[in-house]
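Each value in this text was obtained by applying a stated rule to the coordinates, not by laboratory testing. Since we're looking at a predicted model, the values are computed, not measured. Quick reminder, even Gly has a Cβ in these numbers, built from the backbone with ideal geometry, and neighbours come from all protein chains shown.
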Amino acid sequence: MKTIKKLCCVLLVFAVVMSLGVTAFAENKYENSAGLTPVDGTSLTFKKFLIIGAGDNVPNVTFSYTIAAGTAISTDTSSNTEFQVDAGVDADKVTITDTTFAPRATTYTSVQTGDIDVTRQASDRATGLTADTGVEFETSKGEQYAVQNATVDFSGVTFVEPGVYRYIITETASTTNAAAGIMHDNDVDRVLDVYVTDNNGTLEISGYVLHKNESNIAISSTMGSNDVMSEGEPLDDKTDGFTNEYKSKDLVFKKEVVGNQASRDKYFEFTLKLENVGNENTFTVSIADDNDPNTTDGNADATSGSNNATITANRGKENVLTLTSDASGEITRKFYLQHGQSIAVRGLPLNAEYTVTENAEDYKSTGASVTGYTDATSGDIGIVAGNNKVVKTSFKNERQGIIPTGLFTIVGPAIAVILIALIGIGIVLMGKRRKEERAE
């Protein structure tokens, strides 16, 4: 019995010792040589800018990001010109929220105060790209931009030493249909430096700096960071986020009527089907000139008329001004056009599939045959358009008849000639008879 009691005491003491050991380890996990009080990271936000064309709506698109430790930079001991930068710690514990843009989001036609990254330069474009094909905010072309914020959360990270900790934030490609038209920066990475300082024995996060490149940080006269590169110039690559541009195409389809028996007042029914345009995206339909040289315009009536030439089913029909795709990224809508009228749909993604069909009724219909509107009536809009901004297609309806030659139209002129001749003869005979009567 005494043996059992002794064994229990030994086990109890061992358990207490192990408990103290574990506790000591937990407490010393973030210890540092100077006895500073560690600090948990806070959070910051950066901006995501999305440039869109004149007259376009903001697409429904989401951007995601990853974060990893950057490359450490040692102090240049020979010249003391470069400040030490440490690789970011616990990058796997840092989280970044997605940025999602939605149709009808607020847009700006000029750079707003405090927005930096959207002011793109030619040097920011990927090699071989131009202002038209790369990322650049061109106000002269009526472009606009929307902005959303992403939050970087460092609350799961504990810093135990003062210094500059470097992380790399990378933008990942979007998987939505609109992504086919999303242009990225020359560099999809941003460098985030976290400045941790000693405030009377307690560490604190004194600042975050986001910039485009892994620039060196110069040393100040007091051997601290100087916020300049080793060349002595300010860190001119500081930025506030990422910028992308949504490149799109427009679609115009036109109606023309020809023939000596064709009605130019008649309204014809058209069906437009769009596929691969992204779920719940919104597109503007133009039926009139908006006096903006940067947009594509249509020319049609808001509501079809009720003239005798138009069948009952096509009378009083509305031409909508907005198209919204369903959850599968498709749209089907009917439009109504007379001779010379057209419909324009703006801002379609580059991989959109379009099909335009017409109910020609008893007219002969030929697609893609109107002068200047000879693109295919269906296809992949990016392929059909090529380097052009607008796909222009059409339908030409013809009703040409041969007017039959009736008896009256053929004989009538001859009878008139004969009558005139007979009248003339009668006048001559009457004159001759009067002369004879006078002679008697």
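Details
- For the residue pairs Lys212/Lys249; Lys247/Lys273; Lys48/Lys141, the alpha carbons lie more than 28 Å apart in Lys212/Lys249.
- When you count the other C-beta atoms within 10 angstrom of each residue and take the mean per peptide, 65-73, 308-316 line up highest first as 65-73, 308-316.
- Of Ser206, Ser369, the sequence from fewest to most neighbouring Cβ atoms within 10 angstrom is Ser206, Ser369.
- Amide hydrogen proximity for Ala72: with H placed 1.01 Å from N in the peptide plane, the residues at 5 or more positions away or on another chain lying under 5 Å are Ala87.
- Taking the number of Cβ atoms within 10 Å of each Cβ as an exposure proxy, the fewest-first ranking of Phe101, Phe242 is Phe101, Phe242.
- Only beta bridges with both residues in segment 247-396 are counted; by DSSP, about 80 percent of them are antiparallel.
- Sorted by Cβ density within 10 Å, fewest first, the residues Leu348, Leu50: Leu50, Leu348
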